[in-house]
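Trainee: Let me give you the structure first, and then I'll get to my questions.
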Amino acid sequence: MSALVPGLALGALTASGCVWYVPALVDLRAGADRPVSRRLAALACLSGWGTAGLAAALLLTGAPLALAGAGMLACVALRLAAWVRARGEAREDAACWAALDARSDVRHAPHRVVGAIIAVGLTLATATGTALTWVHARGALGAAPVVAAPVALAACTLAAAVVTVRGRGGVVVAVDGRGWRGWLRR
């Protein structure tokens with residue numbers, strides 16, 4: 001088999017890889033707006049896809065593929081450097097957030113406990129409302145309990161969530177660069 005078929009296949013694969021190398025170009029173009037680790041990863045992506053394109057051209061021309069091997073080594077080295085740098089940046093971010101979150105005597109209410117109380121209570125209120133609506137449709141019950149029971153359950157659920165939060169030190173809602181962080185504070 002001639003090298004023409006693998007060369008054309010690799011060229012088509014490289015052209016279809018634009019979903020990876022175009023965003024990498026955007027990351028490099030953004031410059032200092034992106035972290036160093038992300039720019040290194042973008043360089044690794046571009047060197048990998050560039051090497052694939054070079055290998056396609058070398059296969060089509062019949063030239064030796066030694067240069068493509070060097071490009072792949074550069075790609076791997078850049079990717080490893082990006083990985084090491086990203087771990088360092090993550091440690092630095094964690095230290096900064098830990099310094100901001102340092103409180104000596106405040107205990108946080110776990111979001112999962114409060115969320116579980118709300119989810120279970122509102123599910124119970126919905127199930128009660130559905131069951132009472134079914135009983136009301138059969139004519140065995142008036143309209144007032146159909147409305148009052150689920151509303152009372154929902155109110156008790158929210159009250160239990162507030163009591164849980166206040167009993168554990170409260171919740172503060174703050175926004176960081178990565179999304180919502182939740183804990184309530186009194």
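Trainee: Could you order peptides 49-58, 123-132 by the average number of other Cβ atoms within 10 Å of their residues, highest first?
Mentor: Going by the mean number of other Cβ atoms within 10 Å, highest first, we get 49-58, 123-132.
Trainee: Order the following by accessible area, largest value first: 33, 27, 101, 93. Probe radius 1.4 Å; ligands, DNA and RNA are ignored.
Mentor: Accessible-area ranking of 33, 27, 101, 93, largest first: 33, 93, 101, 27.
Trainee: At a probe radius of 1.4 Å, what is the per-residue accessible area of residue 163, in Å² to the nearest 10?
Mentor: Its accessible surface works out to 100 Å², give or take rounding.
Trainee: Whole-Å semi-axes of region 1-89's equivalent ellipsoid, largest first, each the root of 5 times a Cα gyration tensor eigenvalue? It would help to have the intermediate numbers written out before the result.
Mentor: Working: eigenvalues 163, 39, 13 Å².
Working from the Cα gyration tensor, I get semi-axes of 29, 14, 8 Å.
The values are calculated or read from the model by the stated rules, or taken from the named source; none is laboratory data. Because the structure is predicted, anything quoted here is derived from the model rather than measured. Virtual Cβ from ideal backbone geometry, glycine too; neighbours counted across all protein chains shown. Remember, those area values only see protein heavy atoms, side chains included, never the ligands or the DNA or RNA. Shrake-Rupley method; radii C 1.70, N 1.55, O 1.52, S 1.80 Å.
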